[in-house]
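Quick notes on the structure that follows.
The values are calculated or read from the model by the stated rules, or taken from the named source; none is laboratory data. Computed from a predicted model, the values in this text were never measured in an experiment. All Cβ positions, even for glycine, are placed from backbone atoms using ideal geometry, and neighbour counts span all protein chains on display.
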Amino acid sequence: MGYRGRERRRHPRFKAAIPIHIGLINLGKGKSIQAQFEGVSMDISMEGLGVEVYYPESEILLLRNSMVGETREFDVEIEAILGIKQVRGVGEVKWTAIASPSVLKMGIFLREMIKEQREKWTNFVLSRSREVFQ
């Protein structure tokens, strides 16, 4: 089922399948926990990305509810592998959807990145946008 509401994104999205490593940050304690996920981006923009994460069904359901919404308990640490470069940042999960019993789709807003990391991300997104419009 596709999204039928008013589009609220400020930046266009571009298809990009890049490896993503995700860790959870406990908001109450402000530190990382052991849970680690591997996934692949579906699309990217200047401020976020769509990701597919592969994890067993019971864990998806448990973590899904604690990663999104006003009562969320976790933010996510993101490491995107952009060829020989890696980009790291902290994101907030804005939405989730269970695509299959072992695949969780997430929309992540990239909230915090140090300047050098943000520049790498911006350059990568711009390079993808130029590919689309050529």
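The set of residues in region 56-99 being over 21 Å from I18 (Cβ atoms) and polar (S, T, N, Q) consists of S58, N65, S66, T71. Between S32, S41, the distinction of being surrounded by 13 or more Cβ atoms within 10 Å (Cβ to Cβ), hydroxyl-bearing (S, T, Y) and under 21 Å from T122 (Cα atoms) belongs to S41 only. The residue of region 38-76 that is modelled with the lowest pLDDT, among those that are in a helix (DSSP H, G or I) and charged (D, E, K, R), is E57.
A Cβ distance below 6 Å, combined with a sequence gap of six or more or placement on separate chains, defines the contacts here; from region 60-71, residues that are farther than 13 Å from I98 by Cα reach residues that are aliphatic (A, V, I, L, M) in the pairs M67/V93; V68/V93.
Name the residue that is farthest from L63 (Cα to Cα), counting only residues in region 14-29 that are aliphatic (A, V, I, L, M) and loosely packed, with under 14 Cβ neighbours inside 10 Å. Spell out the reasoning first.
Keep residues of region 14-29 that are aliphatic (A, V, I, L, M), which gives 16-18, 20, 22, 24-25, 27.
Filter once more, keeping what is loosely packed, with under 14 Cβ neighbours inside 10 Å: 17, 27.
Details: A17: 23, L27: 14 Å.
This residue is A17.
The single condition among (1) of a type in the set (K, R); (2) under 21 Å from E52 (Cα atoms); (3) over 13 Å from the mean Cα position of the chain (by Cα) that R88 does not satisfy is (3). Of the residues making up region 74-91, those that are in contact with a Gly (Cβ under 9 Å, 6 or more places away or on another chain) and buried (at least 17 other Cβ atoms within 10 Å of the Cβ) number 6.
Looking only at residues of region 92-109 that are touching a helix residue (DSSP H, G or I) at 6+ places or on another chain (Cβ under 7 Å) and crowded, with 16+ Cβ neighbours inside 10 Å, we find that the one that is farthest from Y54 (Cα to Cα) is V93.
Of all residues assigned to region 17-37, at least one qualifies as being among the small types (G, A, S), under 15 Å from the mean Cα position of the chain (by Cα) and at pLDDT 90 or above.
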